[in-house]
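These notes are about the structure you will find just below.
The values are calculated or read from the model by the stated rules, or taken from the named source; none is laboratory data. The structure displayed is predicted, hence computed values, not measured ones. Because the Cβ atoms are built from the backbone with ideal geometry, glycine has one as well, and the counts that use them run over all protein chains shown.
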Amino acid sequence: MKPTASFLSVASVISLLPTAKALAGSSWTVTNVPSTGLTDVTFPLTIVKADHISGYYFAQQFGFVNSVDVGYTGLQPRPDQNRKPVLHGVFSSFVAGSTATDSNCAAGADGGPAVSCSVEWNAVYGRTYDLEVKRNGSLLWVGTAIDTVTGARIHLGSYTLPAGAGGIQSSQSGYPWNGGEPPNHCARLPYQETLFGHPHTTHLRSVGTQSLAYEYGDCVGQIAFKTEKLFVGGVENNCGFKGQTGL
C-alpha cells in the first residue's frame, strides 16, 4: 500500500484488512534540513496494543530531494508463531527506477514500479523500535529496526535510488487512499494503540517533531479515535473496538 495524505510527511495508521483502509495520519517535520536533504532519519514506533493478526500497517512516509515519489517504513502485526509474537517490518520505495539486490527485497511495490523489502522476527509488543532510514554512499538506502531495549538491529532491506535522487526532505504531500469495503466495515475495526515518537537525525541542530494525529478516509467519527501528545515526546493514538477482527 502507498499511504499518502495532504500534509507534510506523514505517519499513517492503515488497516489492510478487507474491512477498512486509510484511517489516520500524523504529520512530522524536521528543522534545519540542508537543500540536499538528510542522509538519515529515525522514527521511534511502539505498538502498545494490537491483536496478533494481519491487517494493520503502522507506517512513516518520507520524500527524497529531486523526486516526486516517496519511500516508507513501518511495522505490521502478524499471527504468533510457536506461541511467540511476530512483527513484519517493511522498507519500500515508490521512486521509479529504484533497484535492489538485497535478499529481503523484491521488484514492485503495491502493484507499481520500484522496490519493497520486508522481514519478520519474534518481537515484543509494547517495546519501542527505532525505524532507521540511512544512506550508505550516494544512492543506496538501508532500512533497519532497532530494538531500544536490547540494541539488536534487524535488517529490513536496502535499495538503490536512480541517479539524481537526493537526501530525505523535510516535507512532502499526497492524498488519502481508500479501497472498496463491505457495509458496516468501520464498526468492525479491531482495536489498536500506538505511540509515534519524535523523529530524529544525526544532522547537527536538526530537531524533529511529530504532530497530533488526525482522522481521514471514510470512517471519520466512527472508530472511537483518540490522540494526545506524550510528556516524553511524540504522539499516542488509538482507535477501533476490542473483540473485533475486521471480518
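Regarding ALA20, is this residue buried (at least 18 other Cβ atoms within 10 Å of the Cβ) and modelled with pLDDT under 60? Before the answer, list the steps.
On the way: buried (at least 18 other Cβ atoms within 10 Å of the Cβ): yes; modelled with pLDDT under 60: yes.
For ALA20, the condition - buried (at least 18 other Cβ atoms within 10 Å of the Cβ) and modelled with pLDDT under 60 - is met.
Do you know which residues across the range 90-111 are in a strand (DSSP E or B) and at positive phi? I'd like the intermediate steps shown before the answer.
So in the range 90-111, the residues in a strand (DSSP E or B) come out as 90-93, 99, 105-109.
Listed by number, the list holds a single entry, GLY108.
Under 9 Å by Cβ, and 6 or more places apart or on different chains, what pairs join a residue from the range 146-175 that is more than 21 Å from LEU75 (Cβ to Cβ) with one that is of a type in the set (Asp, Glu) and modelled with pLDDT of 95 or more?
Matching pairs, first to second residue: GLY167/ASP40.
Of all the residues that make up the range 203-241, how many are of a type in the set (Val, Ile, Thr) and crowded, with 19+ Cβ neighbours inside 10 Å?
Quick first cut of the range 203-241, residues of a type in the set (Val, Ile, Thr) only: 207, 209, 220, 223, 227, 232, 235.
Now restrict to residues that are crowded, with 19+ Cβ neighbours inside 10 Å: 223, 235.
Final tally of qualifying residues: 2.
When you look at THR148, is it within 17 Å of the chain's Cα centre (by Cα) and among the β-branched types (Val, Ile, Thr), yes or no?
no
For the range 47-89, what are the residues that are charged (D, E, K, R) and either part of a strand (DSSP E or B) or within 17 Å of the chain's Cα centre (by Cα) (or both)? Walk me through how you get there before you give the answer.
Looking only at the range 47-89, we keep the residues that are charged (D, E, K, R), and these are 49, 51, 69, 78, 80, 83-84.
Matches in the range 47-89: LYS49, ASP69, ARG78, ASP80, LYS84.
Within the range 115-136, how many residues turn out to be in a strand (DSSP E or B), over 15 Å from GLN61 (Cα atoms) and out of contact with any Leu (no Cβ under 8 Å at 6 or more places or on another chain)?
3
Residue check, TYR175 against (1) over 17 Å from the mean Cα position of the chain (by Cα); (2) exposed (fewer than 15 other Cβ atoms within 10 Å of the Cβ); (3) on the phi < 0 side of the Ramachandran plot; (4) at pLDDT below 95, all met but one. Which one?
(1)
Do we find a residue being closer than 23 Å to GLY233 by Cβ and not basic (Lys, Arg) anywhere in the range 77-85?
Scanning the range 77-85, I find no residue that is closer than 23 Å to GLY233 by Cβ and not basic (Lys, Arg), so the answer is no.
Residue by residue, here is whether (1) at pLDDT below 90; (2) touching a strand residue (DSSP E or B) at 6+ places or on another chain (Cβ under 6 Å); (3) crowded, with 17+ Cβ neighbours inside 10 Å holds:
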residue	(1), (2), (3)
HIS52	no, yes, no
GLY55	yes, yes, yes
GLY63	no, yes, yes
ASP80	no, no, no
LYS84	no, yes, no
LEU87	no, yes, yes
SER103	no, no, no
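Could you identify the single residue in VAL68, VAL41 that is aliphatic (A, V, I, L, M) and at pLDDT below 90?
Being aliphatic (A, V, I, L, M) and at pLDDT below 90 holds for just one of VAL68, VAL41, which is VAL68.
Which condition number does GLY108 fail, the rest of (1) surrounded by fewer than 16 Cβ atoms within 10 Å (Cβ to Cβ); (2) touching a residue at least 40 places away in the same chain (Cβ under 8 Å); (3) over 19 Å from GLY25 (Cβ atoms) being met?
(2)
Can we say GLY221 is within 28 Å of VAL95 (Cβ to Cβ) and either at pLDDT 85 or above or not charged (D, E, K, R) (or both)?
So GLY221 does not fit the description; no.
Where in the range 188-247 are there strands (runs of 3 or more DSSP E), lying fully within it, with 1 or more residues that are farther than 21 Å from ILE168 by Cβ and either in contact with a Lys or Arg (Cβ under 7 Å, 6 or more places away or on another chain) or among the charged types (D, E, K, R) (or both)? Walk me through it before giving the result.
On the way: elements: 192-196, 208-210, 226-229, 235-239.
Qualifying strands (runs of 3 or more DSSP E): 192-196, 226-229, 235-239.
For the range 205-231, which residues satisfy the criterion of being touching a residue at least 12 places away in the same chain (Cβ under 8 Å) and among the aliphatic types (A, V, I, L, M)?
Looking only at the range 205-231, we keep the residues that are touching a residue at least 12 places away in the same chain (Cβ under 8 Å), and these are 205-219, 222-230.
If the condition is that a residue be touching a residue at least 12 places away in the same chain (Cβ under 8 Å) and among the aliphatic types (A, V, I, L, M), then VAL207, LEU212, ALA213, ILE223, ALA224, LEU230 are the ones that fit.
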